[in-house]
Every structure is written in structure tokens, then in C-alpha cells.
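Since the structure comes first, as C-alpha cells, the remarks are kept for the end.
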Amino acid sequence: MADASVKHDYHLVNPSPWPLVASISATVMAIGGVIWMKGLFGIDKGTPWVFFAGLAGILYTMVGWWSDVVKEANQGDHTPVVSIGLRYGMILFIASEVMFFVAWFWMFFEMALFHEHRTLSAIEEVRTAWATWPPTGVETVPAWHLPLVNTLTLLLSGTTVTWAHHAIQQDDRKGAKIALTLTIILGVLFSCIQAYEYHHILEHKYFFSEEAANSGLYGSTFFMATGFHGFHVLVGTIFLAVCLLRLMRGGFTPQKHFGFEAAAWYWHFVDVVWLFLFAFIYVVFAGAGAH
């Protein structure tokens with residue numbers, strides 16, 4: 001009888017429901033977002049339950065799929081060849097995220113560098129609004145207040161996550177737990193500060209006052225760029241929290257800890273993106289309008 005044992009370094013994944021469940025949940029969440037904002041299929045605008053049903057499906061998929069990958073790692077299915085593939089996959093994912101943010105930077109730079117082209121508009125209010133940068137009526141966020149605090153917070157978190165990585169490599173599990181816990185706390189602190197900053201911006205109508213009604217593109221781009229970064233910080237914080245849970249349950253060794261490495265790469269990516277956001281959106285192209 002032929003030997004049926006595996007004779008290659010690749011891992012053939014067992015049939016999994018998660019791609020299908022994730023696709024269905026994402027579709028439901030997208031439709032739910034439309035219903036919430038606009039109304040659809042006879043469901044009144046402002047109804048959020050469809051969106052949250054889809055979100056619940058996404059979160060359920062994340063837990064289930066992540067658990068399966070962790071089980072594969074613990075069972076030894078992540079051979080050196082598979083580990084290289086996982087690294088390539090994470091690198092390509094981060095590269096795609098870089099291009100995502102390039103789009104928002106491109107839009108903001110186009111407005112900042114070529115805003116005078118909007119003065120060719122046939123609408124007098126638009127010409128007046130875009131005659132200066134930042135546009136007339138826009139009050140920019142002081143860069144050296146909360147944005148600076150958040151910058152220092154993320155830079156410190158980059159230090160602590162590197163400390164955690166080094167501790168795991170040295171098999172210092174206690175040090176890794178302390179450093180990873182500090183990183184998570186700093187990530188939560190960043191999110192709280194940004195939420196407070198957004199509340200302050202909206203309460204005082206920095207970008208959306210009546211005077212700035214014809215330059216709302218500035219505020220929209222600001223919130224899309226910084227808001228999506230904030231979402232990435234939230235995802236990274238969850239990523240690191242899962243790593244901490246695995247570490248507390250005895251996971252990760254000096255030789256095998258790619259799950260944590262992927263989280264650390266992602267966190268450093270979030271750090272670097274914020275440095276560009278702070279430098280260009282808060283300081284360079286907004287300094288002229290700061291109050």
C-alpha cells in the first residue's frame with residue numbers, strides 16, 4: 001500500500017466556511033450602511049440594524065478564521081515555506097494599505113498645491129472660498145496641541161512594541177507581556193485623544209461653518225485621511241490584544257512568533273503613516289490657517 005504521508009512543505013487548508021461568511025457579511029454591512037444613510041428596499045433612512053448585523057458577521061468571521069490560523073500554527077502546519085508565504089502576504093497587504101493612503105494624500109496635496117484652479121469656478125462663493133489656503137472659513141487644528149500629543153503617543157508605542165518583539169526573541173515572556181500591554185494602552189489612548197479632537201472640531205465647526213460651506217472638501221478629506229488612520233489604529237490595537245492573549249496562554253517562542261511579527265509590522269506602518277499625516281496635514285499645509 002502506498003505511503004499516504006505528506007511529502008512536501010506546503011499546507012493544504014481544509015475546506016473553510018470563512019471566505020463565504022466574510023463575503024456575505026461584508027455585503028450585508030455595505031447594504032446596511034446605505035440603508036442607514038439613505039434608506040433602501042422600503043426600509044427607512046436611519047435604520048442601523050442591518051449594518052450592525054453585517055458587522056456582527058464580520059467580527060464572528062474574524063474570531064473564527066483567526067482561531068483556525070492559530071490552531072494551524074500550533075499543530076505545526078506553518079512550515080518554513082508556509083511561513084515565507086505568510087510573510088509575503090503580510091508585506092503585500094501593507095503595500096496595498098500604503099497605496100490606499102497615497103490616494104488621500106494625493107487628494108489633499110492637489111487641493112493644497114493647486115487650490116487656485118478652483119477660483120476659475122463660475123460660482124462666486126466657490127471662487128472666494130478657494131482663493132486662499134486653507135479655504136476661507138476653515139479654521140485648522142493647532143498642530144502643536146492634541147496632534148503633537150498623539151504623535152508622541154504613537155512614537156512611544158512604536159518603542160514599546162519593539163521592546164516586546166526583542167523580549168520574545170530573548171524568551172523574556174514577562175518583559176514581552178509588560179511591553180505589549182503598554183503598547184495596547186497607548187493605542188487606546190491615541191484613539192481616545194482622536195475622538196476628543198473630532199468632538200472638538202465638530203462642536204466648534206472648524207471645517208463646516210456657514211462661511212466654509214463652499215470649501216467642505218477640506219474637511220471631508222481631513223476626516224477621511226485621519227479617520228481611516230484612526231480605524232487602522234483600532235484594528236492594530238485589536239491585533240496586538242490578540243497577540244497578548246496568545247502570549248498569556250503560552251503562545252509564541254523565540255523561533256516561531258510570526259503572528260506577533262505581523263502585528264508589529266502593521267503597528268510600525270500605522271506609526272509611519274501618522275508621521276506623514278502630522279507633518280503635512282497638520283503642520284505644513286495647515287500652518288498658515290492655524291489659530
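The values are calculated or read from the model by the stated rules, or taken from the named source; none is laboratory data. Here the structure is a predicted model, which is why all the values come from computation and not from measurement. Glycine gets a Cβ as well: all are built from the backbone with ideal geometry, and neighbour counts include every protein chain shown. Quick note on the areas: whole protein, heavy atoms, side chains included, nothing else; ligands and nucleic acids left out. Shrake-Rupley method; radii C 1.70, N 1.55, O 1.52, S 1.80 Å.
Brief remarks follow.
- The chain: calculated mean residue ellipticity at 222 nm from DSSP helix runs of at least 4, using -39500 (n - 2.57): -23500 deg cm²/dmol
- A convex hull fitted around the alpha carbon atoms of segment 1-106 yields 147 Å³ per residue.
- Cβ-based net charge around Lys38, under 13 Å, with every Lys or Arg adding one and every Asp or Glu removing one: 0
- Karplus 3J(HN,Hα) series, Hz, for segment 261-267 with 6.51 cos²θ - 1.76 cosθ + 1.60 (x for Gly, Pro): 4, 4, 5, 5, 4, 4, 5
- Cβ-defined net charge surrounding Val13, 15 Å radius [Lys, Arg +1; Asp, Glu -1]: -3
- Working note: Karplus 6.51/-1.76/1.60 with θ = phi - 60° gives segment 193-200 the couplings 5, 5, 4, 5, 4, 4, 4, 5 Hz, where Gly and Pro are set to x.
- Rg/Rh for segment 80-283, where both radii come from Cα atoms and Rh is the Kirkwood radius: 1.09
- Take the chain with all the other protein chains still there, run a 1.4 Å probe, and you get 56 Å² of accessible area per residue.
- Spin-label model, Ser67/Val284: points 7 Å from Cα along the beta carbon direction are separated by 4.7 nm.
- Added length on full extension, which subtracts the Cα-Cα distance from 0.36 nm per residue, Glu97 to Leu275: 62.5 nm
- Net charge, Thr140 excluded, C-beta distance under 15 Å - Lys, Arg +1, Asp, Glu -1: -2
- With R₀ fixed at 30 Å, the C-beta to C-beta distance from Glu124 to Phe223 puts the FRET efficiency at about 0.65.
- Extension gain from Tyr10 to Val34, taking 0.36 nm per residue of separation minus the Cα-Cα distance: 4.5 nm
- Length added when fully stretched, Val235-His199, from 0.36 nm per residue minus Cα-Cα: 10.9 nm
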